[in-house]
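Here the structure is laid out as structure tokens; the discussion comes afterwards.
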Amino acid sequence: MELAGPGNPFSARDRLCFGGTVANQTERLVDTNGVTLRVTEAGESGAPVVLLAHGFPELAYSWRHQIPALADAGFHVLAPDQRGYGGSSRPEEIAAYDIAALTGDLVGLLDDVGATRAVWIGHDWGAPVVWSAAQLHPERVVAVAGLSVPPVPRPQAPPTEAFRKIFGENFFYMLYFQQPGVADAELGSDPARTMRRMMGSLSPGDHDSAIRMTAPGPAGFIERLAEPAARPDWISADELDHYIAEFTRTGFTGGLNWYRNLDRNWEIMANPPAATIDVPALFIAGSADPVLSFTRRDRASELVTGPYREVMIDGAGHWLQQERPDEVNAALLEFLAGLPAGAVS
């Protein structure tokens, strides 16, 4: 169905930005890898494919500023609500959300459009998905770009074991998310509060969010996020309401189940088909992103053996492609333009 019709979640400002490609932007359901994904699609069939993988707690809608720019640049863009989110399947089994399943879903999208390879781009949790895809499915990856979460080598110990050693009795949200039902109830009790605080507290200006996230005490995750004094200027009321409506309908369990596979993913990535990422790779992050306070960027060279570049956007927070779309689009388009001739086909 055409997204320009009634119920279109894209704002009027975004629809105006589509230019010549708006008629080609559609939303459809695709059966892939045992699930059904709701996919936003733009650009010409047969053009080089770009996959866009969103993070937590987000949707394909998080790429609303990038989809038209990439389509206008001549790419066939596929942006799914990933499994557990939005209009896509939400399997009950926690193991259904491991990295093999998540990357396999996106490989299935390539098969659906008859594409052999694509450029894989991910944000937040979508970044580890695309970094991992370059190792699990190297034959399907032309190049890879991650936003907000850098490529890091596989740790020596399972992640939850390492986190417990690092944080001890202190709070750490990834450990809090491990117990089924607990974070689900907290985040789902008031989706409007959850989305307001997440979109506001991980934006520039909240300098204490990382400290609160590791402080001892019984408070949950959302309790530790400050209530923003005002809605961030990079997201409209209608755009925020779209997220709230979707998570009110679906809850947060699907996305939380991704975190519950951290140790399983560690096992899966022990001996992937490709030991390193040897395709061109790009990392983009905001200098004010609190996630970078506990995520190392200096070990990328241990994992990425192909051409690698970092772009830091001064003053940007975690919701990078929504906060600073023009700069993100420019970095992505420059990266795509710099790929070897014939690589993107």
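Structure notes:
- Gain upon complete extension [Asp241, Asp326; 0.36 nm per residue less C-alpha separation]: 28.3 nm
- Extension reserve of the Glu44-Thr248 stretch, reckoned as 0.36 nm per residue once the Cα distance is removed: 70.1 nm
- The range 288-318 versus the range 80-145: alpha-carbon centroid distance in Å: 21
- For the range 111-142, there are no residues whose amide N sits under 19 Å from a probe point set 7 Å from the Cα of Asp263 along the beta carbon direction.
- Dipole check for the chain: with +1 at the C-beta of Lys and Arg, -1 at the C-beta of Asp and Glu, and the Cα centre as origin, the magnitude is about 400 Debye.
- Using the Cβ-Cβ distance between Ala219 and Ala162 with R0 set to 25 Å, the FRET efficiency works out to roughly 0.65.
- Selected from Pro158, Tyr259, Ala101, residue furthest toward positive end of dipole (the chain; charges at beta carbon): Pro158
- For Tyr308, the amide hydrogen comes within under 5 Å of the amide hydrogens of Ala281, counting only partners 5 or more places away or on other chains and with H modelled in the peptide plane.
- FRET E, pair Tyr173, Met312, Förster distance 30 Å, beta-carbon r, rounded to 0.05: 0.80
- For Ala53, distant residues with modelled amide H under 5 Å away: Ile121, Gly122, His123
- Rotationally averaged projected area of the chain (alpha carbon convex hull; nm²): 15.7
- Positive-end residue of Thr295, Phe283, Pro307, charge dipole of the range 256-317 with Cβ unit charges: Thr295
- Estimated vicinal HN-Hα couplings, Hz - the range 62-67 in sequence order (Karplus 6.51, -1.76, 1.60; Gly, Pro = x): 5, 9, 4, 7, 8, 4
- Sequence ranges 273-280, 256-263, 50-57, ranked by mean other-Cβ count within 10 angstrom, highest first: 50-57, 256-263, 273-280
- FRET E, pair Ser189, Ala341, Förster distance 51 Å, beta-carbon r, rounded to 0.05: 0.45
- When peptides 63-76, 225-238 are ranked by their average number of other Cβ atoms within 10 Å per residue, the highest-first order is 63-76, 225-238.
- Inter-label distance, nm, simple model (7 Å from Cα along the C-beta direction), Asn24/Ala270: 4.5
- Amide H within-cut-off set for Val142, under 5 Å, with H built and near neighbours excluded: Ala118, Val119, Trp120
A short reminder: the numbers here are calculations on the coordinates, not readings from a lab. From a predicted model like this one, the values you see are computed outputs, not experimental measurements. A quick note on method: Cβ atoms are made from the backbone with ideal geometry, for glycine too, and the neighbour counts reach across all protein chains shown.
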